[in-house]
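What follows is a set of notes on a single structure, which appears directly below.
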């Protein structure tokens, strides 16, 4: 008999690969999709309302198409008083200063490293290009979180969440 953890993992994997149609406004929560017994067997009943809402949001966001994910990030930036990629000039500014706040976003699509001329398209609409001839190969990851920080002399370095390696980048869009 499968363990509760195995059933929970299987349910999460299946739900994470749902079609983009489920990500529309007709998105069904886990509570709506599962029977009461499935909900109990997977241990989801032990989650607080906040934890369950966060899990539903996580599944919904990973069910979006790339275009929908980009639009969602743009809407969030505007609602939160943030800037869109068109308004955010970080990376285009003079290299003389190193006090710009870091950029946090996700890569659009799959990531499996960089090869000397890699372009990094972010969900927030920014596009960065590798400026050093480094190569770095990793197992493919879908839409990982990235942080881009300005260095001491004004250059920018991109780091993918879960990896210690960084790459020097220049903003192109």
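The values are calculated or read from the model by the stated rules, or taken from the named source; none is laboratory data. All figures in this text were calculated on a predicted structure; none of them were measured in a lab. Glycine also receives a Cβ, built like all others from the backbone with ideal geometry; neighbour counts cover every protein chain displayed.
Scanning segment 74-128 for residues that are at pLDDT below 60 and surrounded by 17 or more Cβ atoms within 10 Å (Cβ to Cβ), which turns out farthest from residue 153 (Cα to Cα)?
77
How about segment 145-173: which of its residues are closer than 13 Å to residue 126 by Cβ and touching a residue at least 40 places away in the same chain (Cβ under 8 Å)?
146, 147, 148, 156, 169, 170, 171, 172, 173
Restricting attention to segment 141-156, and to residues there that are buried (at least 16 other Cβ atoms within 10 Å of the Cβ) and within 19 Å of the chain's Cα centre (by Cα), which single residue is farthest from residue 118 (Cα to Cα)?
Going through the qualifying residues, I end up with 149.
Can you name the residue in segment 33-73 that is under 18 Å from the mean Cα position of the chain (by Cα) and part of a loop (DSSP other than H, G, I, E, B) and, of all such residues, is modelled with the highest pLDDT?
Filtering first and then ranking leaves 63.
Give the residue, chosen from 15, 30, 22, that is surrounded by 12 or more Cβ atoms within 10 Å (Cβ to Cβ) and at pLDDT 80 or above.
Going through 15, 30, 22 in turn, the sole match is 30.
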